[in-house]
1. Within region 15-41, can you find the residues that are surrounded by fewer than 21 Cβ atoms within 10 Å (Cβ to Cβ) and small (Gly, Ala, Ser)?
2. Of the conditions (1) at pLDDT 85 or above; (2) within 21 Å of residue 80 (Cα to Cα), residue 139 fails just one. Which one is it?
3. Name every residue in region 51-73 that is touching a helix residue (DSSP H, G or I) at 6+ places or on another chain (Cβ under 7 Å) and either hydrophobic (A, V, I, L, M, F, W, C) or more than 18 Å from residue 131 (Cα to Cα) (or both), in order of residue number.
4. Going by what's in this entry, would residue 87 be described as more than 29 Å from residue 32 (Cα to Cα) and surrounded by 15 or more Cβ atoms within 10 Å (Cβ to Cβ)?
5. Restricted to region 91-141, and to residues that are exposed (fewer than 13 other Cβ atoms within 10 Å of the Cβ) and among the hydrophobic types (A, V, I, L, M, F, W, C), which residue is farthest from residue 12 (Cα to Cα)?
6. Taking the residues in region 1-54 that are within 30 Å of residue 124 (Cβ to Cβ) and not in a helix (DSSP H, G or I) as candidates, determine which candidate is modelled with the lowest pLDDT.
7. Got at least one residue in region 147-157 being crowded, with 18+ Cβ neighbours inside 10 Å and at pLDDT 85 or above?
8. In this structure, does residue 67 turn out to be assigned to a loop (DSSP other than H, G, I, E, B) and at pLDDT 90 or above?
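The values are calculated or read from the model by the stated rules, or taken from the named source; none is laboratory data. This one's a predicted model, so the numbers in the text were calculated from it and none came from an experiment. In this analysis, Cβ positions are derived from the backbone assuming ideal geometry, glycine residues included, and neighbour counts consider all displayed protein chains.
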Amino acid sequence: MPMTLVETIDSHHRDLLRALDEVEALVAAPAPVDELAAAVEAVRHSLLAHEVTAERFVVAPLRHLHLVNNRELDALRDERDQLSQDAVHLTGREPDAEAVTAFVRRVREHIGRKVRAVQPAARYAVAEGRLSAVPRWCIDEVYERQGGPGIRPSEEWLG
């Protein structure tokens, strides 16, 4: 049975949380600086890919349906952009463990706020049939093209 739109976006969300867990483990282990910087960069790419994909398939349609608070979502977008800039600054120099830990905490808080802002409306819209069904391969392709980690290959399009 193919995954639903919300389940697919949720799987990308879990990928992002795993990337954050990886950064925390590297900070705790003390990992080499280049490895920690690469992990922070991977979080940045996953965050942006996840948010762009969610925006395209979930948030934009919810905005169109007037089911979400646009001001709140605009503030979350600005916050995401700031987090991305912070990640670039962290990887542009030797990452400080405290700064990386604070960054990971802020990303987790951002994710929580975004989930609270979008998920109830998304689940409602799906239950009411107001969000279009999109094949998983299409969502995954957008996610990967935006910089998200590679997804398991899907043969859903083969029929």
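1. 25, 28, 29, 31, 37, 38
2. (1)
3. Hits for region 51-73 are 54, 57, 58, 59, 62, 65, 67, 68, 72, 73.
4. Working: more than 29 Å from residue 32 (Cα to Cα): no; surrounded by 15 or more Cβ atoms within 10 Å (Cβ to Cβ): yes.
The answer is no for residue 87.
5. Taking the candidates together, the pick is 127.
6. Among residues in region 1-54 that are within 30 Å of residue 124 (Cβ to Cβ) and not in a helix (DSSP H, G or I), the one modelled with the lowest pLDDT is 1.
7. Within region 147-157, the subset crowded, with 18+ Cβ neighbours inside 10 Å is 148.
After this cut, where a residue has to be at pLDDT 85 or above as well, the list is none.
No, there is no match, as no residue in region 147-157 is crowded, with 18+ Cβ neighbours inside 10 Å and at pLDDT 85 or above.
8. On the way: assigned to a loop (DSSP other than H, G, I, E, B): yes; at pLDDT 90 or above: yes.
When the stated conditions are applied, residue 67 passes them.
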